[in-house]
């Protein structure tokens with residue numbers, strides 16, 4: 001495999017990677033054997049060792065088996081980041097069952113859809129979220145509904161304050177004493193199941209639903225081999241990691257492919273301590289930074305945007321961090337440069353998609369990081385740029401086309417959707433739907449999603465190019481660019497902007513700023529200001545929602561002359 005970029009930073013990085021012929025639960029069992037007394041999880045200061053986590057998983061496996069969870073059957077989980085999710089994940093996988101991780105922010109309709117689509121018969125849910133599963137037991141979609149509470153895992157005094165807060169907010173608490181319901185805490189009292197024969201690497205591990213920002217969610221079928229390959233690729237890429245010594249912030253939602261791999265599977269593979277947080281609250285994050293001194297911070301661009309605009313960011317000690325990782329959405333160059341200037345910690349940008357477990361590209365740790373680049377393919381991963389019409393003709397360096405990928409982390413297909421699978425998996429290659437280019441050194445650059453390209457009066461406009469310019473304006477905190485219908489041009493460029501606190505911006509000022517830096521046809525013809533942007537649970541801006549709205553919210557500018 002020709003990899004011209006290897007010479008730039010580390011000739012020792014292998015072009016291929018050896019993947020252990022094991023299933024995902026082996027990661028936990030191995031870590032518990034080697035480092036039984038090391039903390040595996042840290043949840044608001046309450047620590048769970050690797051030995052204790054393995055014991056919990058073994059007990060849950062026994063309890064789940066008694067409830068009828070058999071190999072190949074699906075277990076749905078409706079939980080935020082918490083110790084119960086981690087224990088249940090390894091327990092179900094050790095039984096040979098398949099996980100369906102559901103976003104806790106989903107509506108009842110969306111929860112029902114994923115349960116029905118996956119065929120899950122057992123659901124593990126947080127007590128506060130029970131209304132989202134309303135009716136699934138009664139109408140026979142579920143045979144069992146397992147209920148747990150954060151009170152069971154929080155340290156004192158939070159374990160006392162949390163139910164009081166829930167009571168004041170009128171949230172459901174506890175497990176209903178009705179047929180079909182089971183208490184998670186009761187399952188933990190089951191005798192530890194003797195280590196069962198682990199599933200083979202080729203068996204399905206997870207039905208990972210896509211975010212649904214571009215249509216009805218589909219489940220990517222990921223095997224144990226897919227997930228183990230991505231873990232092995234990350235380990236080959238990060239030689240600086242010290243096994244048994246790292247502390248990683250587990251802030252990314254574990255129901256998302258990025259969070260599942262980077263904040264759970266991979267850190268367990270190196271016996272890291274995972275500092276779990278259910279959601280991003282900047283005050284709690286800064287408290288964690290002071291108290292637990294994490295060494296690795298995976299995040300999304302909106303997290304780094306929030307940090308650089310915190311009023312006391314210059315007073316925060318980031319010296320414990322040696323690496324930050326950004327993924328899930330493009331990281332504006334201005335955000336990366338500002339964060340690194342303020343904290344002294346590098347941000348390494350990666351790229352991936354649910355259908356690839358998810359990571360396929362990463363910027364090198366010891367080499368160049370060209371602005372705007374997602375880096376180079378992981379070991380064992382091949383990437384090509386092909387024309388976006390036929391998808392067959394390879395394009396030379398510098399030309400923009402569709403990025404296609406082949407590697408051991410690529411999914412088996414979409415669950416129950418052979419026609420849609422055939423559209424994206426062709427001759428062993430995954431067609432990503434992302435437009436990209438590759439430079440002469442082998443570095444890749446994502447330009448935009450194919451469906452996000454704006455065609456205005458015949459001109460093709462990449463939204464990211466305009467967004468990079470907007471982020472250079474000192475009065476702009478966040479910005480996203482979309483195409484909206486225009487009777488004359490077909491589409492016009494609309495910029496939706498969140499101003500910096502206290503900034504007084506006008507549409508005309510923003511347009512003038514862009515006109516100095518962009519061709520006239522790329523300048524936003526409509527500028528809208530908002531207090532915040534609509535985002536998914538992982539922090540990705542929901543472009544489709546903005547396109548569908550297609551109208552001003554707080555203020556809008558007229559077309560530039």
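Return the tail of the calculated pair distribution for the stretch 454-549, meaning the percent of Cα-Cα pairs more than 24 Å apart. The partial results should precede the final answer.
Numbers: 755 of 4560 pairs.
Across the stretch 454-549, Cα pairs with separations above 24 Å total 17 percent.
Rank the residues 190, 269 as a footprinting-exposure proxy: fewest other Cβ atoms within 10 Å of their Cβ go first. It would help to have the intermediate numbers written out before the result.
Numbers: 190 16, 269 22.
Ordered from fewest to most neighbouring Cβ atoms within 10 Å, 190, 269 come out as 190, 269.
Taking a ≥ b ≥ c as the square roots of the eigenvalues of the Cα gyration tensor of the stretch 277-361, is the shape rounded (a/c under 1.5), prolate (a/b larger than b/c) or oblate?
Details: a/c = 1.84, a/b = 1.50, b/c = 1.23.
Verdict is prolate for the stretch 277-361.
With equal scatterers on the alpha carbons only and no solvent term, can you work out the Debye log10 of I(q)/I(0) for the stretch 134-178 at 0.30, 0.34 1/Å?
Values returned for q = 0.30, 0.34 Å⁻¹ are -1.08, -1.21.
Go ahead and collect, in residue order, the members of the stretch 467-485 whose backbone nitrogen is under 17 Å from a label point 7 Å along the Cα-Cβ direction of residue 531.
Within reach of a label on residue 531, which here means backbone N under 17 Å from a point 7 Å along Cα→Cβ, the stretch 467-485 contributes 477-478.
Specify the inter-centroid distance of the stretch 267-325 and the stretch 389-405, based on alpha-carbon positions, in whole Å.
Answer, in whole Å: 37.
To test your reading of the geometry: what angle, between 0 and 90 degrees and rounded to tens, separates the Cα axis of helix 25-34 from the longest principal axis of the chain?
Its long axis makes an angle of about 70 degrees.
Please arrange 238, 447, 228 by how many other C-beta atoms lie within 10 Å of their C-beta, fewest to most. Could you put the intermediate results ahead of the total?
On the way: 238 17, 447 21, 228 25.
If I rank by nearby Cβ atoms, fewest first, I get 238, 447, 228.
Given points 7 Å out from each Cα along the Cα-Cβ axis, report the residue 392 to residue 47 separation in nanometres with one decimal.
So the label points at residue 392 and residue 47 sit 6.0 nm apart.
With viscosity set to 1.002 mPa s and temperature to 20 °C, compute the Stokes-Einstein D of the stretch 24-199, Rh being the Kirkwood radius across alpha carbon pairs; µm²/s, no decimals.
On the way: Rh = 16.6 Å.
Answer from the Stokes-Einstein relation: 129 µm²/s.
Angle, helix 333-343 long axis vs. longest principal axis of the chain, Cα atoms, 0 to 90°, nearest 10?
Computed tilt is about 60 degrees.
Below 8 Å, C-alpha to C-alpha, sequence gap of six or more: please give me the relative contact order for the stretch 104-220 in percent.
On the way: 116 pairs, mean separation 23.8, N = 117.
Dividing the mean separation by the residue count of the stretch 104-220 yields 20 percent.
Starting with the highest mean, order 156-164, 280-288 by the number of other Cβ atoms within 10 Å, averaged over the residues of each peptide. Before the final figure, lay out the partial values.
Values: 156-164: 12.6, 280-288: 15.4.
In descending order of packing, they fall as 280-288, 156-164.
Stretch residue 245-residue 312 to full length: gain in nm at 0.36 nm per residue minus the Cα-Cα span? Write out the running numbers ahead of the final one.
Numbers: separation 67, 0.36 × 67 = 24.12 nm, distance 2.90 nm.
Length gained between residue 245 and residue 312: 21.2 nm.
Based on alpha-carbon centroids, what's the gap between the stretch 109-175 and the stretch 26-81 in Å, whole number please?
If you average the Cα positions of each part, the centres end up 19 Å apart.
Helix-only estimate, please: 222 nm mean residue ellipticity of the chain, summing -39500 (n - 2.57) across DSSP H runs of length 4 or more and dividing by its residues, to the nearest 500.
Details: 17 runs with 153 residues, N = 561.
Result for the chain: -7500 deg cm²/dmol, rounded to the nearest 500.
Any chance you could give the angle, 0 to 90 degrees and rounded to 10, that helix 282-292 forms with the longest Cα principal axis of the chain?
60 degrees
What percent antiparallel are the DSSP beta bridges of the chain, to the nearest 5?
Numbers: 48 of 84 bridges.
So the antiparallel bridges amount to about 55 percent of the total.
Quick note: the coordinates plus some simple rules give every number you see, no bench work behind them. These numbers come from a predicted model, not from an experiment. Positions of Cβ are backbone-derived with ideal geometry, glycine not excepted, and every protein chain shown enters the neighbour counts.
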